[in-house]
1. Please work out the FRET efficiency for the pair S83 and T149, using the Cβ-Cβ distance as r and a Förster radius of 35 Å; give the result to the nearest 0.05.
2. Go ahead and run the numbers for FRET between A35 and Q63, Cβ-Cβ distance against an R0 of 22 Å, rounding to 0.05.
3. First check a/c for the range 72-169, with a ≥ b ≥ c the square roots of the eigenvalues of its C-alpha gyration tensor; if it is under 1.5, answer rounded, and if not, answer prolate when a/b is larger than b/c or oblate otherwise.
4. Using only the alpha-carbon atoms of the chain as identical scatterers, what base-10 log of I(q)/I(0) does the Debye formula give at q = 0.09, 0.17, 0.19 Å⁻¹?
5. Using modelled amide H (1.01 Å from N, peptide plane; none on Pro or chain starts), what sits under 5 Å from the amide H of V113, excluding residues fewer than 5 places away?
6. Sorted by packing (mean other beta-carbon atoms within 10 Å per residue), highest first, where do 117-123, 27-33 land?
7. Quote the accessible area belonging to H132 in square angstrom, nearest 10, computed with a 1.4 Å probe and with ligands, DNA and RNA left uncounted.
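The values are calculated or read from the model by the stated rules, or taken from the named source; none is laboratory data. Model, not experiment: these values are computed from the prediction. Ideal geometry is used to build each Cβ from the backbone, glycine not excepted, and the neighbour counts take in all protein chains shown. All accessible areas refer to the heavy atoms of the entire protein, side chains included, with ligands and DNA or RNA removed. Shrake-Rupley method; radii C 1.70, N 1.55, O 1.52, S 1.80 Å.
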Amino acid sequence: MSTTEITEASGYWFPDDDATQRGVAVLNALRRYRAAETAMRRRTRDSMGMGETDLLAVRYLLQAQRSGRMVSPKDLAAYLKISSASTTILIDRLVKSNHVRREPHPTDRRALVITPTLETDDEVRQTLGVMHRRMMSIAEGLDADEARTVARFLEHMRGAVDQVDPASH
């Protein structure tokens, strides 16, 4: 570990041993990554003229389209954990900005499906494509052991932050 990493890793409430210093350095690197990702999401939202929920909805709709799934307004509301009224407002906004279309369900005359427009797919690919390729290049540069270690670490971290602390309720 470099002097910069050790200095940066110092945490005033942590013991000053090697394992703790390494752990704090890793958590600090993870925090810097999260801050950079948050900034990237803000730039993406700004360039596409969307709010956070709008961008989440578009990403979900694009993923569903790529996997051949149809998405109803109810599905979108459940995914975003928002009310049906909020979903209607969101869809109205995305239709008006030409990011999505309301289309009749192919087998249920009473139902609608929400689909992203071709322009939205192109815009997302143009906005995020280069960054995704850079990220994939880095991930592909890991050898098999490194990839397993990173994936296991991130899954354990996800579990740690998803765990509900009974004392907080």
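1. Values: r = 42 Å, r/R0 = 1.19.
Efficiency at R0 = 35 Å is approximately 0.25.
2. On the way: r = 25 Å, r/R0 = 1.14.
Computed FRET efficiency for A35 and Q63 comes out at 0.30.
3. oblate
4. The Cα Debye sum returns log10 ratios of -0.48, -1.15, -1.27.
5. E103, H105
6. Working: 117-123: 15.0, 27-33: 12.3.
Put in order of decreasing packing, that is 117-123, 27-33.
7. We get 100 Å² for H132.
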